[in-house]
1. Taking the Cα centre of the chain as origin, sum charge times position over the Cβ atoms of Lys and Arg (+1) and Asp and Glu (-1), and report the length of that vector in debye to the nearest 20.
2. Taking 41 Å as R0, compute the FRET efficiency from the Cβ-Cβ separation of D34 and L73 and round it to 0.05.
3. Given that compact globular proteins tend to follow 2.2 N^0.38 Å, what is the ratio of the alpha-carbon Rg of the chain to that value?
4. Of the listed peptides 69-78, 145-154, 115-124, 7-16, what is their order by residue-averaged count of other C-beta atoms within 10 Å, with the highest listed first?
5. Summing Lys, Arg as +1 and Asp, Glu as -1, what charge do residues with Cβ under 14 Å from the Cβ of V37 carry, V37 excluded?
6. Could you check how many percent of all C-alpha pairs in segment 68-128 are farther apart than 16 Å?
7. Grab the alpha carbons of segment 2-108, take their convex hull, and tell me the volume per residue in Å³.
8. Which Cα, out of G178, M130, G164, lies furthest along the positive dipole direction of the chain (beta carbon charges, K/R +1, D/E -1)?
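The values are calculated or read from the model by the stated rules, or taken from the named source; none is laboratory data. These figures come from a predicted structure and were not determined experimentally. For neighbour counting, all protein chains shown are included, and Cβ atoms are generated from backbone atoms with ideal geometry for every residue, glycine included. Ligands, DNA and RNA are stripped out before the accessible areas are found, and what is left, the full protein with its side chains, is counted by its heavy atoms. Shrake-Rupley method; radii C 1.70, N 1.55, O 1.52, S 1.80 Å.
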Amino acid sequence: KGEQNDYYSLLVHGLRKGHLYMDIAVDPRRASSDPNVQRKSSTLLDASLYKNRYYLYFGIVPAVFLLLPYHLLTGSDLSENTAVLLMLVAGLLVYWRIFAEACRRYFPGITTGQYAASMVLLAMGSGAPMLLTYADFYEVAISAGYLCHALVWFGLFKALHAEGKEARWLALASVAGGLAVG
């Protein structure tokens, strides 16, 4: 069925069951009063253990807006590598769109070489490609923030140039800013 056991897939499985914790059992030895037994128990790193449940504290936004819809549509889990790639590409496309509109508006005389070099700098200068070398739940959260931050800038740019529709674009920027933090 294409199920994975990475943190975000476990969170998606939990969301499908109606709760906010990851769908994974806690090692019963964690509840022991004997410290030696507790030390021998398995545990999830970088997850919060609260009331015998694991919670992912790196943000629910990627799960709600990408991984859960994918799971609902396909019945399988989206790998963290693919999620990171999709969000980085989407964010880059948003930045390229802003740049293209800014060039049309402010730099009509830009040469093809300058335009191409600027596009490469936008793609590589942010450090986002480093997230593709190894994607784990950290990178999923970071790439979601990258995409949301791109949408903030897009909304602000459009609000600056929208005639009579500023509120709509500022609303997009505000929501995206909130999601970037989430």
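1. The calculated dipole for the chain is roughly 300 debye.
2. 0.35
3. Relative to the rule-of-thumb radius for its length, the chain sits at 1.30.
4. Per-residue Cβ counts within 10 Å, averaged per peptide and sorted highest first, yield 7-16, 145-154, 69-78, 115-124.
5. Numbers: positive: R29, R30, R39, K40; negative: D27, D34.
Overall, the nearby charge balance is +2.
6. Percent of Cα pairs beyond 16 Å in segment 68-128: 57.
7. On the way: hull volume 14.8 nm³, N = 107.
Cα convex hull per residue, to the nearest whole number: 138 Å³.
8. Of the candidates, G164 comes out farthest on the positive side.
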